[in-house]
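The values are calculated or read from the model by the stated rules, or taken from the named source; none is laboratory data. Nothing here was measured: the structure is a model prediction, and the numbers come from that model. Every residue, glycine among them, receives a Cβ derived from its backbone with ideal geometry; neighbour counts consider all protein chains shown. SASA here: full protein model, heavy atoms, side chains in, ligands and nucleic acids out. Shrake-Rupley method; radii C 1.70, N 1.55, O 1.52, S 1.80 Å.
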Amino acid sequence: MGSKFIYSMAIVLFFSSQIYAVSRGGYEIPSDEKTIESFGTASQSELPRRFNLFNWNIEKAKQGEIWAADFTKLQNKYDLILIQEAVSDDLFMNALRKKTNTVWNYFIAWIRKTEKTSSGLIIGSEVRPTEASFTRTIDLEPYAKTPKLTGYQKFRIAGTQNTELLIINIHAINFVTTTKFSRHIQQVMRQIDRHKGPVVFVGDMNTWNQSRLDYLFAEAKKRNLVWYDFERPKVKGMHSKLDHIFVRGLKVHEIKSLTDIVSSDHYPISADLEFL
């Protein structure tokens, strides 16, 4: 999937508390040291004080060239790009590479045993992260019998000496009890507890019921994470109620869903943010 490169700054891995077997059902789980694959070269070392991002569960790019055209149109407009349900096929990877001067970190959740294709999370930026790491759930989703990943990156901020932004990309565990969902959220919250600076926590959080939503909101509030709502059209087949964004230590100029983009079963979320 392209040549790997090693940051001049260390890539830090938060190793999961459980060592997974090589395979589960029809899927293989990569070892910790092979979970993050990096490609591309970032052109900058610091995020500007005002920056933008978009987040998108792309439904594994099932709509093919229609999705690729939408993604190509979007990606050059944003400083940070976060994706759930990324895939390793040629169409997806070629779409990423159309954005130059960008480093992509691919957090691999699983690899199909037969086709050897993979899926997971993506964080892309023209700014080099100082750290890239992940956590993997102990609980498994029942059908695929695979864990879920959460991806983390830190970025230096222009005009500051020691302040870093923590970006969190989550695709929350699904088809499990609220207790297992809460274990996934707690895993993320422990990483937030270790970070004293600004935070953006965003992704498909699979808040299918009120108990999940209540738990998520309560834990976020304890960390001074502020939830921002946006337009969520009730369109059949679109899962806009599952996507959320929380921020801390940032001024929000605008957050919106891009409802003209329908090449996935989720609308992209766009955010215009500024460091306080």
Fill in the blank from the handout: For residue 236, counting only aspartates and glutamates whose alpha-carbon sits under 12 Å away and dropping same-chain residues fewer than eight positions off, the answer is 265
Exercise for the section: May I ask for log10 I(q)/I(0) of the range 197-276 at q = 0.18, 0.19, 0.24 Å⁻¹, from a Debye sum over the Cα atoms as equal point scatterers with solvent left out? Expected result: -0.78, -0.85, -1.20
Problem - Mean residue ellipticity (222 nm) of the chain, computed from DSSP H runs ≥ 4 via -39,500 (n - 2.57), nearest 500 - result: -5500 deg cm²/dmol
Practice task
Could you work out the equivalent-ellipsoid semi-axes for the range 112-213, taking the square root of 5 times each eigenvalue of the Cα gyration tensor, largest first, in whole Å?
Solution key: 27, 18, 10
Practice task
With a cut-off of at most 15 other beta carbons within 10 Å, and DSSP calling the residue loop, which trypsin sites (Lys or Arg not before Pro) in the range 230-276 qualify? Please list them.
Solution key: 234, 236
Completion exercise
Mean separation of Cα contacts under 8 Å (at least 6 apart) over the residue count of the range 184-276, i.e. the relative contact order in percent, is 29
Fill in the blank from the handout: Computed over the chain, the relative contact order (Cα-Cα under 8 Å, seq sep at least six) in percent reads 20
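Show me the ranking of peptides 41-52, 103-114, 151-162 by mean Cβ neighbours inside 10 Å, starting with the highest. If you can, show how the numbers build up before the last one.
Details: 41-52: 15.7, 103-114: 20.3, 151-162: 17.6.
Listed from highest to lowest mean packing, they are 103-114, 151-162, 41-52.
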Exercise for the section: Using only the C-alpha atoms of the chain, find the volume of their convex hull and express it per residue in Å³. Expected result: 124
Fill in the blank from the handout: The answer for the chain, accessible area per residue at 1.4 Å probe in Å², is 44
Completion exercise
If amide H atoms are modeled at 1.01 Å from N in the peptide plane, then the residues at a separation of 5 or more from residue 88, or on another chain, having amide H under 5 Å from its own are 118
Completion exercise
Taking a ≥ b ≥ c as the square roots of the eigenvalues of the Cα gyration tensor, with a/c under 1.5 meaning rounded and otherwise prolate when a/b exceeds b/c and oblate if not, the range 57-133 is oblate
Practice task
Take the alpha carbon atoms of the range 137-195, find their center, do the same for the range 49-94, and report the distance between the two centers in whole angstrom.
Solution key: 20
Fill in the blank from the handout: Over 30 Å (Cα to Cα) among 113/222; 34/145; 73/222 -> 113/222; 73/222
